[in-house]
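The values are calculated or read from the model by the stated rules, or taken from the named source; none is laboratory data. Computed from a prediction, not measured in an experiment: that's the story for all the values here. Counting neighbours? That spans all protein chains shown, and the Cβs are built from the backbone with ideal geometry, glycine included. The area values use the complete protein model at the heavy-atom level, side chains included, leaving out ligands, DNA and RNA. Shrake-Rupley method; radii C 1.70, N 1.55, O 1.52, S 1.80 Å.
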Amino acid sequence: MHTEPVLGLLRALCGGLCPGVLEVVAHDSRTAFAPAERRIMVARNHLSAPTPVSIGAMLHEIGHVFVSRYHLFASPADASVPLWRFSQNAMEESRVHCFLRRRLGGADEYLKALFAEGDLPDADEFESDLMAEAASNTI
């Protein structure tokens, strides 16, 4: 599947749901909202997946546009950047999905399609990073 028609669909969806101008671009591996750049990146694997998956990815990031404020926090100087990013994102995930389900009643099916793709962080790897960080910060 070519990604340009899917990107066009996602750009139109984003433009209709978000105030202001946000750039929507394909990325080799990440799907994320970059607030400083006013950009939503959508991983190419989502763009080549069935359309509900790509729409779910876009809706998820649009939810971050409206709800997430983690970009306003100063990262601790000694914080592990990936761990900091994961922890900030983890705090926002349920807020984002609750917001989307309330504001856009049909969003739930698209979110289910997205997360059925298995695009979540590897739990074993993430947990070991978290435990290593916690162990190094014990009093």
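What the table shows:
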item	result
Virtual spin-label span in nm between Met91 and Ala36, 7 Å along Cα→Cβ	1.9
Alpha-carbon centroid distance for the pair region 44-109 / region 12-32, whole angstrom	12
Cα gyration tensor category, rounded, prolate or oblate, for region 1-48 with a/c compared to 1.5	oblate
Under 5 Å, built H, 5+ apart or other chain: amide partners of Arg39	Glu23, Ala34
Whole-Hz couplings from phi, Karplus 6.51/-1.76/1.60, listed for region 66-75; x for Gly and Pro	7, 10, 6, 10, 5, 5, 8, 8, 7, 5
Carbon + sulfur, % of accessible area of region 27-83 - ligands and nucleic acids excluded, 1.4 Å	57
Shape of region 42-101, Cα gyration tensor, a/c cut at 1.5	oblate
Heavy atoms of Val81: accessible area, 1.4 Å probe, square angstrom to 10	90
Sparse-neighbourhood loop sites, chymotrypsin sites (Phe, Trp or Tyr not before Pro) in region 1-101 - DSSP loop, at most 13 other Cβ within 10 angstrom	Phe73
Stretch gain in nm, segment Ala116-Cys98, where the contour uses 0.36 nm per residue and the Cα spacing is subtracted	4.7 nm
Under the Karplus curve 6.51 cos²θ - 1.76 cosθ + 1.60, θ = phi - 60°, whole-Hz ³J(HN,Hα) for region 49-65, x wherever Gly or Pro sits	7, x, 3, x, 5, 5, 5, x, 4, 5, 4, 4, 5, 4, x, 5, 4
Relative contact order %, region 1-100, counting alpha carbon pairs below 8 Å whose residues are six or more apart	22
